[in-house]
Structures are given as C-alpha cells and as structure tokens.
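Contents: one structure, followed by commentary.
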Amino acid sequence: GQIEDELRHALSDGQGLSVHYQPEVDAQSGKVIGLEALVRWNHPVRGPLAPGEFIPIAEESGLIVPLGEWVLAQACRMAVRLPDLFVAVNVSAVQLRTGNFVERVVGIVTAAGCRPGLIELEITESVLLDEESAAAATLHRLRDLGFRVALDDFGTGYSSLSYLRQFKVDKIKIDRSFINNLGSDAEAAAIVTSVVTLGHAMGLTVTAEGVENREQMDRLSDAGCNELQGYFFTRALPEDAVVAFIAKQT
Ligand code: G
Ligand code: G
Ligand code: MN
Ligand code: NA
C-alpha cells in the first residue's frame, strides 16, 4: 500500500519520523524517574499521523522491525543523555517473534553505549497470547541481560493473572481506562487498589497510566501506586522539550 511505501521511504532517510517522550513520575517524590518513547510520523502529505494510523500497517508489513529498532536507538541516545532516568520502549508482538530479537536489541544498546538496565521493554498482554512459550523465553533472556520488562495496558487483556505467574516482569502499567473512572466509579477504585496489592505482593513496581487530574494523582498515591504517567504531568514532548521539562522540575 501507499502508506507502507511512504513509511519504508521515511525509514530509509529518517525524514518525518521522530520520537516523543512522556515522563513517568515517582508517586511519592513527584520527580521524573523515567520516560516512555512514543514514535511520531509527520507524513509528507497527510501531516502528523497518530501511531494508531501507521503502527498496524508497520506490523502487517514487517516494517515494525526496522521502525522499532530505530525507536530503540533513539531511546538509547536519550538514556545516555539522561543517565538517571530509564527509557521505556513499546515492543510489538511481531518484533518479539523475530528470531534474532535479543541479539538485535543487545547490538543496538551496546552500540549506543547504554546500560541495559536503563531500557524498559513494554509488552502488552496480547503479545503473550500467541506462541506463549517462545515469547516468554525471549523476555526472560532479556531480563537476564539486565533489561527491565513492563506489562503495558494491564487489565485490558484476558487472563492477566495467569500471565503474571508465567512471565517474570518488573512492572505493571495499569491501563488508563481504569484511571479515567477513578473519581466516579467505586469499582474502578477497587480494581486499582487490588492491582496495587497484587503487584506489590509479587514484588512488582505498579505504574498508573492516563493520570489527568490532581484527584486521580492523590487517589493513586494513596492507593500505593509507585509511578504515575499522564497528561496531568505532561503529554509526550519532543526530545529538547522533555529535557527542559525535567530541568525545570528540579
Ligand atoms: O502516544 P500515543 O498516541 O502516541 O500511542 C498510541 C499507541 O501507539 C500506543 O498503544 C503505543 O504503545 C503505540 N506506540 C507508540 N510508539 C510505538 C513504538 O515505537 N512501537 C510500538 N510497537 N508501538 C508504539
Ligand atoms: O498503549 P500505550 O500505553 O503505550 O499508549 C500510550 C498512549 O497513551 C499514547 O497515545 C499517549 O499519548 C496516551 N496518553 C498518555 N497519557 C495520557 C492521558 O493522560 N490521557 C489519555 N487519554 N491518553 C494518554
Ligand atoms: Mn506503552
Ligand atoms: Na499502556
């Protein structure tokens, strides 16, 4: 398709692609402790495209592999620039399924002079649905090499709880649909509290996504959530803007 050709072209010269970074904040201190890398594509004709408009095409065409590697390389540069922060990247099922994923990731991180411990790999539960054991083995190898692994959009897939037993991860990121309804919906609050309790009992860091106001922030830190992320703090920002945002905070 046309978008696919244009994306291939963008990847070959880097034109129009960029990575924005959304801070993740420590719930107790309020300090930025990490960043999530989110790819952006300013299409030559259509203008800025949301990832939802091109990530699925990249996945179907296999272009998610070079795209994901490009994002990871950018994220590593950022991790070297801000060595006190971790940088999280989203990993799609297609990438995890490529035979040499671990070697490619290690190669990129090493070339950038970045410690694996600074990089967090975000996986959604749906990634783990198919080829469960192969995906698990890949993730476990990466964790053994020092990378952190986070389970993204937690609670939206099915059988979240059995995944937590099967896949050793460092962090769960509670999906923002649960955070949205925190103020109005007693059940959403009960779910958040239970996920925090469960996560902590398993020794995991618990992050809340989609924090949009102070009330949500207060409820989440009262519930014992470790890390918060969302528009209340800031949207994802271009590299220099996020560096300025962090500098301003401290
Ligand atoms: O920030 P936002 O609208 O940009 O992201 C929308 C979706 O796109 C999210 O589900 C996010 O995980 C996904 N996404 C953003 N950047 C990347 C990326 O580099 N790789 C993959 N696989 N998904 C990404
Ligand atoms: O699936 P993933 O968690 O990687 O998606 C990240 C997506 O969430 C991005 O599209 C990002 O722009 C979006 N996002 C980040 N913070 C907020 C928020 O506070 N509210 C909403 N509605 N979306 C958010
Ligand atoms: Mn994510
Ligand atoms: Na998410």
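The combined condition, being basic (Lys, Arg) and either within 14 Å of ligand 1 (Cβ to nearest atom) or within 18 Å of the chain's Cα centre (by Cα) (or both), is fulfilled by Arg97. Is it the case that segment 41-53 has a residue that's at pLDDT 95 or above, small (Gly, Ala, Ser) and within 25 Å of Gly210 (Cα to Cα)? Scanning segment 41-53, I find no residue that is at pLDDT 95 or above, small (Gly, Ala, Ser) and within 25 Å of Gly210 (Cα to Cα), so the answer is no.
Considering every residue within segment 92-114, establish whether at least one is under 30 Å from Gly224 (Cα atoms) and modelled with pLDDT under 95. Yes: one or more hits. Across segment 66-83, the qualifying residues are those that are modelled with pLDDT of 95 or more and over 16 Å from the mean Cα position of the chain (by Cα), and the one among them that is surrounded by the most Cβ atoms within 10 Å (Cβ to Cβ) is Leu82. Within segment 55-106, being in a loop (DSSP other than H, G, I, E, B), of a type outside the set (A, V, I, L, M, F, W, C) and within 16 Å of ligand 4 (Cβ to nearest atom) holds for one residue alone: Ser92. Of the residues making up segment 224-245, those that are surrounded by 18 or more Cβ atoms within 10 Å (Cβ to Cβ), away from ligand 1 (no atom under 16 Å from the Cβ) and outside any loop (DSSP other than H, G, I, E, B) are Glu227, Leu228.
The values are calculated or read from the model by the stated rules, or taken from the named source; none is laboratory data. Computed from a predicted structure; not experimentally measured. Note: ideal-geometry Cβ built from the backbone for every residue, glycine included; neighbour counts use all protein chains shown.
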